[in-house]
Amino acid sequence: MRAMYALWLRELKRYWRSKQRIALSLVQPVLYLLVFGFGLAPVYRKAGGGDFLQFLAPGVIAMTVLFSSIGSGVALLFDRQFGFLKETLVAPVPRIQIMLGRTCGAATVAVLQGLLVTAVCLAAGFRPMGAAMSAAALAFVILIAIAFAGLGATLGASMKDMPGYQGVMSLLVLPITLLSGMLFPLENLPVVLATFTNIDPLSYGVDGLRATLTGKTHFGLLLDGAVLLGTAVIFIGLGAWRFAKIEP
């Protein structure tokens, strides 16, 4: 357990020491809020959807958590390249503790970035329903972070070079984000598109955040939470399996 705590703390220190990383993590969400939030607002309002910022903000928060958590595999590749990973793996510590420590650290960083973006959304005019449901929304943010940090660990343990990881990450992140319903309602979609949105785990994260922050849901809170929890278990299990096969 001491090794898990040390690796978790290391990820947090690495994050807070990088002021540039903190600033850059806000650039893309702010662009989405400005370009889509205000650019598409008149169209959304004329279509009878109401305030588009209220609809978009939960998706932007979920997207930020996704990017941060799944991108944590980059740190694993850096550690492999510079020898820190080898030093960690030869230590007399179960590898599952090493993997869980790194994953929890990455998930914590993703949650912090999600909270920063939430503050930006509030400054832009987003208004959640209330404190009680905001606490439930935090639980969904944590589930999204843990699930995709597990996926990031799986990818980082499976890849050996940075360009390959970045290519796979781009291939996964873009469809996961676009198919999550972040930019459009999930009701009355064509059958093919609806099928893909239904199998996208981030769809349930975005829907869970919308339900807890704005009161609107497509799948229902119970299904949202169950799918995210199951996804987290699967991805962490895959990450632990791949981590156990890394050669020191």
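The values are calculated or read from the model by the stated rules, or taken from the named source; none is laboratory data. What you see is a predicted model; the values in this text were computed from it and never measured. Ideal geometry is used to build each Cβ from the backbone, glycine not excepted, and the neighbour counts take in all protein chains shown.
Here are a few things to note about the model shown:
- Residue satisfying all of: in the stretch 126-147; part of a helix (DSSP H, G or I) and not aliphatic (A, V, I, L, M); farthest from Y204 (Cα to Cα) among these: S134
- Here L186 meets each of (1) part of a loop (DSSP other than H, G, I, E, B); (2) in contact with a Leu (Cβ under 7 Å, 6 or more places away or on another chain); (3) of a type outside the set (S, T, Y) with one exception, condition (2).
- Those residues of the stretch 114-145 which are under 14 Å from the mean Cα position of the chain (by Cα) and among the small types (G, A, S), in sequence order: G114, A137, A139, A145
- Some residue of the stretch 6-26 being surrounded by 14 or more Cβ atoms within 10 Å (Cβ to Cβ), at pLDDT 75 or above, more than 27 Å from M99 (Cβ to Cβ) and not aromatic (F, W, Y): yes
- Residue that is in contact with a helix residue (DSSP H, G or I) (Cβ under 6 Å, 6 or more places away or on another chain) and aliphatic (A, V, I, L, M), where the choices are L138, L122, L151: L151
- Residue check, A91 over 16 Å from the mean Cα position of the chain (by Cα), at pLDDT below 90, under 27 Å from D79 (Cβ atoms) and not in a helix (DSSP H, G or I): yes
- Scanning the stretch 223-239 for residues that are farther than 16 Å from N198 by Cα, within 14 Å of the chain's Cα centre (by Cα) and surrounded by fewer than 21 Cβ atoms within 10 Å (Cβ to Cβ) yields a total of 0.
- Test result for T214, farther than 29 Å from L100 by Cα and either acidic (D, E) or buried (at least 19 other Cβ atoms within 10 Å of the Cβ) (or both): yes
- Filter result (assigned to a helix (DSSP H, G or I) and among the hydroxyl-bearing types (S, T, Y)) within the stretch 190-248: T195, T197, S203, Y204, T212, T214, T231
- Any hit, the stretch 106-118, residues being at pLDDT below 90, more than 27 Å from T214 (Cβ to Cβ) and crowded, with 17+ Cβ neighbours inside 10 Å: yes
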